[in-house]
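For reference, the structure is listed below as structure tokens.
Read-outs throughout are calculated quantities, based only on the coordinates presented, and are distinct from any laboratory measurement. Small disclaimer: the values here were computed from a predicted structure and weren't measured. Heads up, the Cβs are rebuilt from the backbone with ideal geometry, glycines too, and the neighbour counts pull from every protein chain shown.
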Amino acid sequence: MDFDLSEEQRLLKDSVDGLLKASYDFDQRKKYRAERGGWSKSLWNKLAEQGLLGLPFTEEEGGFGAGAVETMIVMESLGKALVVEPYLATVVLGGGFLRRGGSAAQKEAYIPAIIDGSKTLAFAQLEKNSRYDLGDVATSAKKTANGWTIDGEKFVVLNGENADTLIVTARTAGGQRDRNGVGVFLVPANAKGVSIKGYPTQDGLHAADITFTSVEVGADAVIGDPANGLPLVETVVDDARIALCAEAVGEMDESLKSTVEYLKTRTQFGVAIGTFQVLQHRAADMFVAVEQARSMAMFATMASDFDDAAERAKAVSAAKVQIGKSLKFVGEQAIQLHGGVGMTQEYKIGHYFKRLTMIESTFGDTDYHLRRVTDAGGLNS
Amino acid sequence: MDLNFSKEEVAFRDEVRAFFKDHVPPSTRQKMAEGRHLSKDEMVAWWRILNDKGWGVTHWPKEYGGTGWTSVQHYIFNEELQMVPAPAPLAFGVSMVGPVIYTFGNEAQKKRFLPRIASVEDFWCQGFSEPGSGSDLASLKTKAERKGDKWIINGQKTWTTLAQYADWIFCLCRTDPTAKKQSGISFILVDMKTPGITVRPIVTIDGGREVNEVFFDDVEVPYENLVGEENKGWDYAKFLLGNERTGIARVGVSKERIRRIKELAAKVESNGKPVADDQKFREKLAMIEIELKALELTQLRVVADEGKHGKGKPNPASSVLKIKGSEIQQATTELLMEVIGPFAAPYDEHGDDGSNEAMEWTAQIAPSYFNNRKVSIYGGSNEIQRNIITKAVLGL
């Protein structure tokens with residue numbers, strides 16, 4: 001039983017926090033967002049220089065062989081600074097598919113370029129009617145003499161506007177919602193028949209709706225088993241959920257900090273508004289919500305190494321439920337306690353609120369995950 | 001970072017669990033599970049079994065009978081005990097006055113009182129709250145005046161839990177009426193058999209008798225029953241209240257109650273199938289389980305921190321334990337009520353004194369729900385806990 005970080009982990013945390021402190025205040029973030037594609041290539045290179053893009057990959061792959069705790073540390077720090085660069089899309093999701101399911105050739109082709117920052121990825125999964133069901137896939141992949149032909153539409157693909165390579169779920173067999181018959185494919189963003197419509201998202205990130213029209217890929221484009229790729233998808237998406245829980249804790253932490261700061265400095269009726277008990281107690285409740293969320297983000301991080309896939313999934317869902325509950329309360333109350341200032345585009349707190357709100361509905365909202373825990377027989381069974 | 005118990009800790013848990021399984025009297029377990037009150041004899045009998053095993057005063061220093069366990073071991077012990085369920089050692093003696101005596105008392109007091117606390121030869125109660133002093137405890141008025149080698153005590157204490165069973169009461173008394181609020185208070189031990197003490201029951205909304213009023217009318221107490229220095233009682237009281245921080249979440253109690261919820265939900269039918277199959281019910285239960293898991297981990301963070309850095313600097317997360325712990329306990333009693341629905345209504349006027357053999361299996365569920373409203377009030381109400389977070393953590 002030990003909740004402390006190891007010496008190396010503490011150093012990692014200090015180095016990420018140090019980098020972001022030096023180069024990622026809220027004004028700087030605005031400038032990064034104004035760059036082409038909506039995020040900063042130079043900041044991305046700095047993350048690469050510090051080795052952060054190579055964390056989860058093995059040493060043979062050119063990475064550091066770091067585990068879920070290291071990802072938690074980085075995601076929490078990225079959340080604190082409200083970083084818009086595509087770490088989740090590229091390292092956690094894209095990198096996750098490659099290191100968990102990729103062939104030796106695929107790893108060699110993509111992982112070094114992730115680690116050195118030269119390429120980014122995007123996971124094209126959501127469809128018009130799939131909502132949170134990862135196995136609901138209408139996009140088709142038909143076997144050809146030389147490989148596969150992909151047809152279909154994907155929506156709200158995070159970093160889809162900028163990614164060099166797309167990782168696409170497509171059906172190789174069976175009906176739209178069958179568990180079997182889901183394949184995972186590597187598709188170059190500039191492949192013939194790929195049409196990308198990019199846009200900014202509510203939280204200042206960038207995504208895209210992507211249409212695949214008779215897109216031809218080789219036989220070597222498949223990650224894992226083309227007839228049964230869903231377990232891989234579920235595992236990697238759970239990785240992303242775990243990472244999102246940590247990111248949200250960083251954002252909640254910062255939202256609470258900013259709120260407390262505001263309560264101390266804003267005066268009305270001749271006193272700091274933080275002297276009013278009704279506001280104090282609201283802030284205390286925010287603190288409770290953040291600590292409960294932090295505990296569950298740790299739980300999810302530890303669950304990452306569970307051998308039993310069902311137990312892992314249940315733990316991740318339980319964490320996402322707690323994070324969803326906490327982030328809604330913390331985000332909304334942060335705005336409330338900042339008053340009119342919280343409503344302005346100019347001030348940072350609203351941007352934390354917006355990112356938290358988007359996290360809630362990314363890869364399953366609170367109701368979805370509560371259902372997932374319930375269907376698995378509850379947490380203590 | 002490793003959230004699993006070590007091999008040694010797992011072995012310890014198994015040992016504790018096995019001992020409880022073999023030694024908690026079945027009727028005690030049964031009554032606790034049904035939310036009924038235990039008699040004094042039932043409680044004391046169990047505590048003596050624990051003490052004979054050497055587990056009566058586990059967290060005391062070894063020289064006074066403690067175990068020298070780590071904070072994780074204490075945590076495991078408490079949780080296993082709550083899950084039996086069986087009553088924890090009497091807090092007023094073991095967790096409250098005992099530590100005050102071995103930390104601030106003189107040698108004679110240590111010799112006289114500590115062994116009798118451990119063996120429950122003395123049943124202790126707590127004389128802190130007064131009719132006019134609840135959350136604002138330091139405003140207390142009960143007076144102790146020095147007269148030769150005696151204190152003369154006059155005043156009234158209230159909400160005194162189990163005073164009807166008590167041999168001794170530890171009291172905060174005002175000994176310097178001219179001093180500022182907190183600085184004129186002393187910590188005095190009083191034999192409940194002393195003439196001038198009257199105990200009157202307060203019946204709570206569940207029909208139970210747990211708490212009392214205790215009146216002091218010219219009660220003469222030997223001067224030597226003062227603990228520590230005169231007028232320093234407030235410091236000892238603060239020490240006492242800060243001492244038992246991690247048990248307050250009562251995670252094991254909620255786990256045990258969830259077990260009971262599941263058991264009853266499998267029995268009670270609605271629409272021709274067990275309530276346990278109802279989607280709405282299942283989601284409510286899963287939500288409680290998730291919040292309880294979060295609380296358990298928050299508690300373990302505090303425990304691990306104490307183990308590493310000592311109790312000196314409380315982990316800020318510890319303030320969460322009382323608030324969330326009480327909310328979850330209340331949520332479980334609410335859900336039990338929902339499970340049995342209309343069958344919560346029948347009231348047994350005999351209460352649970354054992355005189356009514358035909359008492360329905362549902363009879364204690366509503367009283368237990370009513371009774372559990374207390375958990376967000378006692379031990380520093382949840383509003384006081386929020387004040388603590390505000391000042392100590394947020395710095396507002």
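Comparing mean-square fluctuations of B:ALA294, B:ALA118, B:ALA163 from a GNM of chain B with C-alpha springs under 10 Å, the top value falls on B:ALA294.
Gain on full extension, evaluated as 0.36 nm per residue between A:LYS192 and A:GLU108 minus their Cα-Cα distance, stands at 27.9 nm.
Each Lys and Arg Cβ is given +1 and each Asp and Glu Cβ -1; about its Cα centre, chain A then shows a dipole of about 1160 debye. Around the Cα centre of region A:125-215, unit charges on the Cβ atoms of Lys, Arg, Asp and Glu (plus for the first two, minus for the last two) sum to a dipole of about 340 debye.
For A:ASP225 and A:GLU153, the FRET efficiency from 1/(1 + (r/R0)^6), where r spans their Cβ atoms and R0 equals 41 Å, is about 0.95.
For region A:231-375, the residue among A:GLY339, A:PHE353, A:ALA300 whose Cα projects farthest onto the positive side of the dipole built from Cβ charges is A:GLY339.
Below 19 Å, Cα to Cα, which aspartates and glutamates can B:LYS21 reach? Residues fewer than 8 away in the same chain don't count. Partners within reach: B:GLU9, B:GLU34, B:GLU42, B:ASP52, B:GLU79, B:GLU80, B:GLU256. For the residue pairs A:LYS257/A:LYS320; B:LYS31/B:LYS143; B:LYS267/B:LYS322; B:LYS232/B:LYS391; A:LYS257/B:LYS280, alpha carbon separations beyond 28 Å are given by B:LYS31/B:LYS143; B:LYS267/B:LYS322; A:LYS257/B:LYS280. In chain A, the longest principal axis of the Cα atoms and the axis of helix A:277-303 are about 30 degrees apart. Taking A:ASP307, A:ASP17, A:ASP116 in turn, the Gaussian network model of chain A (Cα-Cα springs below 10 Å) assigns the largest fluctuation to A:ASP307.
Can you work out the FRET efficiency for the pair B:GLU269 and B:GLU34, with r the C-beta to C-beta distance and R0 = 35 Å, to the nearest 0.05? Numbers along the way, then the final one.
Values: r = 21 Å, r/R0 = 0.59.
According to the calculation, E is roughly 0.95.
Distant-in-sequence amide contacts of B:PHE123, defined by a placed amide H-H separation under 5 Å and a gap of 5 or more residues or a different chain, comprise B:ASP167, B:TRP168. Residue separation of A:ASP178 and A:GLU60 scaled by 0.36 nm, minus their Cα-Cα distance, works out to 38.8 nm of gained length. Applying the Karplus relation 6.51 cos²θ - 1.76 cosθ + 1.60 with θ = phi - 60° to region A:80-90 yields 3J(HN,Hα) values of 4, 8, 6, 6, 9, 5, x, 5, 4, 5, 8 Hz, where x marks Gly and Pro.
Give me A:THR362, A:THR265, B:THR178 sorted ascending by neighbouring Cβ count inside 10 Å, so fewest comes first.
Values: A:THR362 20, A:THR265 10, B:THR178 6.
Final ranking by Cβ density, sparse to dense: B:THR178, A:THR265, A:THR362.
Projecting the Cα positions of B:GLY35, B:VAL16, B:LEU50 onto the charge dipole of region B:7-89 (unit charges on Cβ atoms of Lys, Arg, Asp and Glu, taken about the Cα centre) puts B:GLY35 furthest along the positive direction. Treating each Cα of region A:245-372 as one equal point scatterer and applying the Debye formula with no solvent, the log10 of I(q)/I(0) at q = 0.10, 0.19 Å⁻¹ comes out as -0.35, -0.96. Comparing Cα centroids, region B:259-306 and region A:357-381 end up 15 angstrom apart.
Nearest 500 deg cm²/dmol is fine: what mean residue ellipticity at 222 nm does chain B get from its DSSP H runs of n ≥ 4 alone, each adding -39,500 (n - 2.57), divided by its residue count? Using -39500 (n - 2.57) per qualifying helix, the result is -13500 deg cm²/dmol.
Between 0 and 90 degrees, the angle of helix B:40-53 with respect to the longest Cα principal axis of chain B falls at about 90 degrees. Kindly list the residues of region A:284-318 that lie in the label zone of A:GLU332, defined by a backbone N under 19 Å from the point 7 Å along the Cα-to-C-beta vector. Residues passing the 19 Å test: A:284-293. The modelled label-to-label distance between A:LEU11 and A:SER214, using points 7 Å beyond Cα along the C-beta direction, is 5.6 nm.
As a footprinting exposure proxy, order A:PHE353, A:PHE276, B:PHE12, A:PHE269 by other Cβ within 10 Å, with the fewest listed first. Before the final figure, lay out each step's value.
Values: A:PHE353 23, A:PHE276 15, B:PHE12 19, A:PHE269 8.
Final ranking by Cβ density, sparse to dense: A:PHE269, A:PHE276, B:PHE12, A:PHE353.
Starting from the Cα of B:SER6, move 7 Å in the Cα-to-Cβ direction to define the label point; list residues of region A:1-38 whose amide nitrogen is under 19 Å from there. Within reach of a label on B:SER6, which here means backbone N under 19 Å from a point 7 Å along Cα→Cβ, region A:1-38 contributes A:1-7. Cβ-to-Cβ counts within 10 Å put A:TYR32, B:TYR223 in ascending order as B:TYR223, A:TYR32, the fewest first.
Given R₀ = 35 Å, FRET efficiency for A:VAL278-A:THR357 by Cβ-Cβ distance, to 0.05? If you can, show how the numbers build up before the last one.
Working: r = 24 Å, r/R0 = 0.70.
After rounding to 0.05, the efficiency reads 0.90.
Only Lys, Arg, Asp and Glu carry charge here, each on its Cβ (+1 for the first two, -1 for the last two); on that basis chain B has a dipole of about 980 debye about its Cα centre.
Using +1 at the C-beta of Lys and Arg and -1 at the C-beta of Asp and Glu, which of A:ILE196, A:HIS206, A:ILE150 has the Cα lying farthest in the positive direction of the dipole of region A:122-228? Selected residue: A:ILE150. In the elastic network of chain A, a GNM with C-alpha springs shorter than 10 Å, the most mobile of A:GLN202, A:GLN106, A:GLN277 is A:GLN277. Quick check: the angle from helix A:309-338's long axis to the longest principal axis of chain A, C-alpha only, nearest 10 degrees? Taking Cα atoms only, the helix is inclined about 40 degrees.
A simple spin-label model places the labels of B:LYS181 and A:ASP375 5.6 nm from each other, with each point 7 Å out along Cα-to-Cβ. Per residue of peptide A:276-285, the mean number of Cβ atoms on other chains within 10 Å of the residue Cβ is 5.
So if each residue of separation counts as 0.36 nm, and I subtract the Cα-Cα distance between B:ALA108 and B:LYS308, what length gain in nm does that give?
Numbers: separation 200, 0.36 × 200 = 72.00 nm, distance 3.36 nm.
Residue separation times 0.36 nm, minus the Cα-Cα distance, leaves 68.6 nm.
What is the local net charge at A:GLY54, summed over the other residues whose Cβ is closer than 14 Å to its Cβ (Lys, Arg +1; Asp, Glu -1)? Walk me through the intermediate numbers first.
Details: positive: A:LYS46, A:ARG99, A:LYS107, A:LYS119; negative: A:GLU49, A:GLU59, A:GLU60, A:GLU61, A:GLU70, A:ASP116.
Here the charged neighbours net out to -2.
Does anything in region B:223-255 have its amide N under 16 Å from the 7 Å Cα→Cβ label point of B:ASP149, and if so which residues? Under 16 Å, as judged by backbone N against the label point of B:ASP149, lie B:223-226 of region B:223-255.
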